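The values are calculated or read from the model by the stated rules, or taken from the named source; none is laboratory data. The structure presented is a predicted model; accordingly, all values stated were derived computationally and were not measured. FYI the Cβ positions are ideal-geometry reconstructions off the backbone, even for glycines, and counts take in every protein chain you see.
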Amino acid sequence: MKTDVEELTPTRVKLTVEVPFDELKPNLDKAYKEISQQVRIKGFRPGKVPAPLIDKYVGRGAVLQEAVNDALPDLYGRAVEETEIFVLGQPEVEVTELDDGKQFAFTAEVDIRPKFEVPDYDGLEVTVDDAEVGDEQIDEAIGNLRERFASLTAANRPIERGDFATIDLSAKIDGEEVEDASTSGYSYEVGSESAIEGLDEALIGLSAEESKTFTSTLVGGERAGEEAEITVTAQSVKVKNLPELDDEFAQMASEFDTIEELRADVRTRLDRQVRLQQISDARDKALEALLEKVDIPLPDKVVTEEIERREQQLEQQLQMAGMSKEDYLKDEEKSEEDFETELAEAARQAVKGGFVLDQLAVQEELGVENEELSEYVVTQAMQMGVQPQQLAEYLTQNNQLPAIVSEVLRSKALNLLVEHVTVKDESGNEIDVEAVRRELSGETGETVQAEDAEDAEDAADEADATEAGEAAEAPAAEAEEPAEDAKKDEPKDA
């Protein structure tokens, strides 16, 4: 087999492959056998039809096509291996010659990873936030915990900001009822500004069984975006009652006997979180610093696929949150144009980061041991809430192991990079990232490490623009940081 490589661009090549016809013989034999199983010719059992009869009744051309389709994946793979190129995505293949009995030739255009060397990264310096936990943060965490144990009691007075009102809503446009904009028995926190504009102002001062009509823009349904007359009726008014910050609350909300013990535990947890955040920030900023030293072309198709992946991910998140993209952009105070620009830049950085870490792994001759793959699968399984064996079987059946190997290699390359980078906090103190990681692991033990891995997901999403696993074809990035210990829940009725 003869293979020539033509560089179309720094990130795309055209392979021209010529194959002696004799190399197709195993594929031709397989094609005859499979077609023989399918055809029905009088006097011959399925699978026993001779090749000359298949050529006569089915056609030699059909056999050749079957053989070529069977041979192409292996021939293409051999051509890629021989030329030592790092291909990305699926090739565009064209059969250019099929001379029966003589020669077979095809071309394959495919994107490739650009060729480059990772520059020296010794001496890079990055700065992360100080790992400080103040009383204000502790108060906020305990305040969130209090919210989880709040209760609602009826209030025989007009509605005030901060109350919970059970309300009915109806809407009309030009006097016609908008059915999908009506609801009843809806519990709403007055002042939260989480529903239609103007609702909070309309509710304040209303008593139970009273109504008020106001004009606003519908945010959902078939007539979203249109102006309507909204009528809100208050059914009941309830006041949220928070438990006192005393020992009784500590015993009710935790395993501790006193409020001081609870505060100490919250401080310890927050301290671990901010230090884990330091580690994650150090990784992200180390990669960012290295990327600033590298200028490489990026395949447009790979970047486009990464942009589409991120758009789909955001769409799914917004659907789960019951939020529109317009609301999201409004909350983020971004225009559609600004959002698309930032998304495209984040996608380019992700693809570039993946390429750089791949090349760093090659230059440093990093490898992946079976134990490291097993550890990765176990960690991912814990985060997903499935059995490691179940996840391993799924990855194997869906041919995801090469992507997992790439993911682990990138993580190892990033860890190596951080080891060579000087990390300081804003106060100028140098941080030994690996020592901090070992210290935290020693403090938490195996059980709590699993909890930390789950807590890490939220903070990992914050850094996905430059995280190693966020490059074009990698699976979800391994979590690195904790989320909040206590999230605000709906209070319960008294």
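Before moving on, here are some points about what is shown:
- For the range 212-249, a residue qualifies if it is free of Cβ contacts under 8 Å to residues at least 24 places away in the same chain and either not assigned by TED's automatic domain parsing to the domain that holds SER194 or not hydrophobic (A, V, I, L, M, F, W, C) (or both), and the qualifying residues are LYS212, THR213, THR215, SER216, THR217, GLY225, GLU244, ASP246, ASP247, GLU248.
- Selection within the range 33-46: residues that are surrounded by 11 or more Cβ atoms within 10 Å (Cβ to Cβ) and over 46 Å from the mean Cα position of the chain (by Cα). The member of this set that is nearest to VAL58 (Cα to Cα) is VAL39.
This table checks each residue for (1) of a type outside the set (Val, Ile, Thr); (2) assigned by TED's automatic domain parsing to the domain that holds VAL421; (3) surrounded by 13 or more Cβ atoms within 10 Å (Cβ to Cβ).
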| site | (1), (2), (3) |
| --- | --- |
| GLU311 | yes, yes, yes |
| LEU318 | yes, yes, yes |
| LEU329 | yes, yes, yes |
| LYS334 | yes, yes, yes |
| GLU337 | yes, yes, no |
| THR341 | no, yes, no |
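- GLY101 being part of a strand (DSSP E or B) and in contact with a helix residue (DSSP H, G or I) (Cβ under 9 Å, 6 or more places away or on another chain): no
- Checking each residue in the range 179-194 for being without any contact (Cβ under 8 Å) to a residue 12 or more places away in the chain and on the phi < 0 side of the Ramachandran plot picks out GLU179, SER192, SER194.
- Out of ASP74, ASP139, ASP120, sole residue that is at pLDDT 90 or above, part of a helix (DSSP H, G or I) and outside the structural domain of LEU28 (by TED's automatic domain parsing): ASP139
- Checking ARG275 against (1) farther than 28 Å from THR153 by Cα; (2) modelled with pLDDT of 95 or more, the condition it does not meet: (2)
- Tally, over the range 215-239, of residues that are surrounded by 15 or more Cβ atoms within 10 Å (Cβ to Cβ), in a strand (DSSP E or B) and of a type outside the set (S, T, N, Q): 8
- The range 83-102 residues that are at positive phi and modelled with pLDDT under 90, paired with ones that are outside any strand (DSSP E or B) and of a type in the set (Lys, Arg) (beta carbon under 7 Å, 6 or more apart): GLY89/LYS301
- Verdict on GLU288 being in the same structural domain as VAL433 (by TED's automatic domain parsing), of a type in the set (D, E, K, R) and within 30 Å of VAL110 (Cα to Cα): yes
- LEU53 of a type outside the set (Ser, Thr, Tyr), surrounded by 12 or more Cβ atoms within 10 Å (Cβ to Cβ) and at pLDDT below 90: yes
- Filtered by the rule that a residue be closer than 10 Å to GLU66 by Cβ and aliphatic (A, V, I, L, M), the range 30-55 gives ALA31, ILE35.
- Whichever residue in the range 9-32 is of a type in the set (S, T, N, Q) and within 18 Å of PHE106 (Cβ to Cβ) and, among such residues, is surrounded by the most Cβ atoms within 10 Å (Cβ to Cβ): ASN27
- Take the conditions (1) out of contact with any strand residue (DSSP E or B) (no Cβ under 6 Å at 6 or more places or on another chain); (2) in contact (Cβ under 8 Å) with a residue 24 or more places away in the chain; GLU18 misses just one of them, which is (1).
- Across the range 127-136, the qualifying residues are those that are assigned to a loop (DSSP other than H, G, I, E, B) and in contact with a strand residue (DSSP E or B) (Cβ under 8 Å, 6 or more places away or on another chain), and the one among them that is surrounded by the most Cβ atoms within 10 Å (Cβ to Cβ) is ALA131.
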